[in-house]
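The values are calculated or read from the model by the stated rules, or taken from the named source; none is laboratory data. Note that the structure is a prediction, hence the values are computed from the model and not measured. All Cβ positions, glycine included, derive from the backbone under ideal geometry; neighbour counts span all protein chains shown. We work out accessible area using only protein heavy atoms, side chains counted, and drop any ligands, DNA or RNA first. Shrake-Rupley method; radii C 1.70, N 1.55, O 1.52, S 1.80 Å.
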Amino acid sequence: AKLPKKFEKNRFNENICERNAPLQHHNQVLVEPLLFLNEYWTVMGDERRALAYSKAAATIKCLPFTVTTLTELDDLKGLGSGHCLKVIQETLERGHCQEVIVKRDSMKFQSLKILSSVYGIGPSLALKLHSNHGVSSVQDILKLWNQLALADERIKVGVTYYADLSTPVSCTLAKKIKGIVEYELSIIKDDFRIEIAGGFRRGKKNGHDVDILITYTTDGEEKGILSSLMKHLNHKGYILHWRLEKSSFDEEAVFTRSPDQISVMDHFEKSFCVFKCPLQGNEIPETERTIRIDVNEPFPSQEQRNWRAIRVDLIMVPKSQWAYALLGWTGSKLFMRMLRHYSNAHLQKTLNSHGLWDKRENKLIPAESEEDVFKNLGLSYKDPSHRNF
Ligand code: DCP
Ligand code: MG
């Protein structure tokens, strides 16, 4: 088999952070089973295996040609040990992968997938509910509500608005939420910058939530704004639930610990919210208007509504950290993981959403923009639309 003339394998392998991962690529059929296996192992709680499939899928996404035979993949970095290749080979030969079909039908997987998709329930709680209490669905949680004694307030919200929260959020609704936040902010204090990050910034048409970053013109100006913003939004009836997290940023702690102690989670002041997003008549799909989970007990049933519950993360960023925060919150998660690894292993620098720390010089490397961050990493700038690893 011949590779396209332009494809340079050595360059492709040289630094995986330089690869481009667009949303639309040449190998949808091959990527699908790999992404499924990534989801399968994530849901089953095996992050290590999940990651291997995610990396293999990303490698395939970055190829500038459609793969037709396995030999075209010889010596490509990122495809992992034999198993990913076996999945790819079978898909190339038969058009599907038997393992995927079997795993897709697994009752345990299907239950855990639903449970861990409830806001407030992660893979480990999902497993506990399933194994210890025989819970397999949202209905089961409702039936056993008193017995389960789930203390986390988010789960109550997650279950009550399950139908809404499991419906993908469109770009239009994301912009509407941004508009609402922007308006309330402008009443509190001018001269802010607000940006939708996450998958939408990478060009995705739908998302599971809306990630919104906010900053002011100088460090410190952002202090106290977020709690004020939440009061305003709540007062106007836009908020169903929120949990405010205080800033826990401390340069010393965030950058000078050994890398394995550095949490991937950042330390910004943020608000994890469930918005009550107002809808126009034509924004309420037919199915949305009729399909409601039956929540008579212990929650009140839901009447016809002209709003929809949407998960929104609001992140308040000090100006000097904006560029790194924007990069970190734009993702993708795998891309950020790749960048952090490259930075640590090849540059002796620690990268996170707060900054880039030079471990030899013991100092932070400033950046005004994402372009600066890429420069600081010695990489060419990558448009968000090519960060869909
Ligand atoms: N992120 C982060 N810290 C968190 C949560 C997320 O740094 N506590 C980063 C990682 C992601 C990005 O923010 O790259 C957005 O996270 P999402 O989980 O919202 O992922 P996406 O927006 O990419 O996908 P989706 O469309 O499902 O929302
Ligand atoms: Mg998101």
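Overview of results
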item	result
Within region 1-52, tally of residues that are surrounded by fewer than 17 Cβ atoms within 10 Å (Cβ to Cβ), over 23 Å from PHE200 (Cα atoms) and of a type outside the set (A, V, I, L, M)	16
Residue list for region 94-111, restricted to those being outside any helix (DSSP H, G or I) and acidic (Asp, Glu)	ASP105
Top-ranked residue in region 208-231 [being closer than 25 Å to GLY158 by Cα and aliphatic (A, V, I, L, M); ranked as nearest to the chain's Cα centre (by Cα)]	VAL210
Test: residue in region 207-216 that is away from ligand 1 (no atom under 16 Å from the Cβ) and in contact with a helix residue (DSSP H, G or I) (Cβ under 7 Å, 6 or more places away or on another chain)	yes
Every residue from region 347-370 that is in contact with a Gly (Cβ under 8 Å, 6 or more places away or on another chain), in a strand (DSSP E or B) and open to solvent by less than 40 Å² (accessible area, probe 1.4 Å)	ASN352, ILE365
Complete set of residues in region 153-175 that are within 16 Å of ligand 1 (Cβ to nearest atom) and assigned to a helix (DSSP H, G or I)	ARG154, GLY158, ASP164, LEU165, CYS171, THR172, LEU173, ALA174, LYS175
GLU361 away from ligand 2 (no atom under 16 Å from the Cβ), over 16 Å from LYS382 (Cα atoms) and not small (Gly, Ala, Ser)	yes
Any hit, region 7-26, residues being of a type in the set (Val, Ile, Thr) and more than 16 Å from PHE389 (Cβ to Cβ)	no
Looking only at region 318-346, and only at residues there that are hydrophobic (A, V, I, L, M, F, W, C) and away from ligand 2 (no atom under 16 Å from the Cβ), the one that is most open to solvent (accessible area, probe 1.4 Å)	ALA345
Residue count, region 159-183 (criterion: more than 21 Å from LEU226 (Cβ to Cβ) and open to solvent by less than 50 Å² (accessible area, probe 1.4 Å))	12
Test set (1) within 19 Å of the chain's Cα centre (by Cα); (2) open to solvent by 50 Å² or more (accessible area, probe 1.4 Å); (3) among the basic types (Lys, Arg) - LYS270 fails condition number	(2)
Residue check for LEU244: closer than 18 Å to PRO278 by Cα and either in contact with a helix residue (DSSP H, G or I) (Cβ under 8 Å, 6 or more places away or on another chain) or within 11 Å of ligand 1 (Cβ to nearest atom) (or both)	no
Residue that is least open to solvent (accessible area, probe 1.4 Å) [pool: residues in region 53-79 that are of a type in the set (Gly, Ala, Ser) and in contact with a Ser or Thr (Cβ under 9 Å, 6 or more places away or on another chain)]	ALA58
Pair list, Cβ < 6 Å and 6+ apart or interchain, from region 200-222 residues that are of a type in the set (Phe, Trp, Tyr) to residues that are at pLDDT 95 or above and near ligand 1 (Cβ under 8 Å from one of its atoms)	PHE200/GLY207
Helices (runs of 4 or more DSSP H) wholly inside region 177-260 containing at least 2 residues that are of a type in the set (D, E, K, R)	251-256
Residues of region 189-245 that turn out to be open to solvent by 40 Å² or more (accessible area, probe 1.4 Å) and within 15 Å of ligand 2 (Cβ to nearest atom), as a count	6
When residues of region 371-389 are limited to those that are within 16 Å of ligand 1 (Cβ to nearest atom) and in contact (Cβ under 8 Å) with a residue 60 or more places away in the chain, the one most open to solvent (accessible area, probe 1.4 Å)	HIS386
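Yes or no, residue by residue, for (1) at pLDDT below 95; (2) more than 30 Å from ARG243 (Cβ to Cβ); (3) not in a helix (DSSP H, G or I):
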| site | (1), (2), (3) |
| --- | --- |
| LEU23 | no, yes, yes |
| LEU34 | no, yes, no |
| LYS55 | no, yes, no |
| ALA58 | no, yes, no |
| THR68 | no, yes, yes |
| ASP75 | yes, yes, yes |
| VAL87 | no, yes, no |
| LYS113 | no, no, no |
